[in-house]
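Colleague: Take a look at this one; I'll ask things after.
The values are calculated or read from the model by the stated rules, or taken from the named source; none is laboratory data. Just so it is clear, the structure is predicted and the values come from calculations on it, not from any experiment. Note that each Cβ is placed from the backbone with ideal geometry, even for glycine, and that neighbours are counted across all protein chains shown. Quick note on the areas: whole protein, heavy atoms, side chains included, nothing else; ligands and nucleic acids left out. Shrake-Rupley method; radii C 1.70, N 1.55, O 1.52, S 1.80 Å.
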Amino acid sequence: MSIHAVEALEEAPDQEQKLAALSLLQEAWREARINGIDGDCLAQASLFVAFAELVTTYGEEAAARFAEGLALRIRNGEFSLLLTRQ
């Protein structure tokens with residue numbers, strides 16, 4: 001990513017930054033899978049890094065409260081990808 005792209009992202013509204021981050025992470029995920037990294041291992045490592053960042057940024061209690069809400073969100077399908085079959 002160029003310096004100008006990084007500067008543009010820093011100035012982008014929060015939603016745009018989240019979409020850009022998601023795109024970058026999806027690309028990194030594809031690259032890891034191409035290199036033979038198992039999806040489950042990648043998911044666990046990604047969750048570890050994500051929660052470590054949340055703890056660093058917001059503290060353990062806030063990260064724990066966030067994690068407590070994940071079960072309901074998962075059950076409600078917020079993280080399910082719809083697969084269309086033809």
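Colleague: Taking the stretch 59-86 as the region of interest, how many residues are in contact with a helix residue (DSSP H, G or I) (Cβ under 8 Å, 6 or more places away or on another chain) and modelled with pLDDT of 95 or more?
Modeller: Qualifying residue count for the region: 4.
Colleague: State which residue pairs qualify: first residue touching a residue at least 24 places away in the same chain (Cβ under 8 Å) and inside the stretch 17-40, second residue of a type in the set (Phe, Trp, Tyr) and surrounded by 11 or more Cβ atoms within 10 Å (Cβ to Cβ) in any location, beta carbons under 9 Å apart, and separation of 6 or more residues or different chains.
Modeller: none
Colleague: When the residues of the stretch 53-63 are narrowed to those that are open to solvent by less than 40 Å² (accessible area, probe 1.4 Å) and part of a helix (DSSP H, G or I), which ends up farthest from residue 28 (Cα to Cα)?
Modeller: Checked the stretch 53-63; the qualifying residue farthest from residue 28 (Cα to Cα) is 62.
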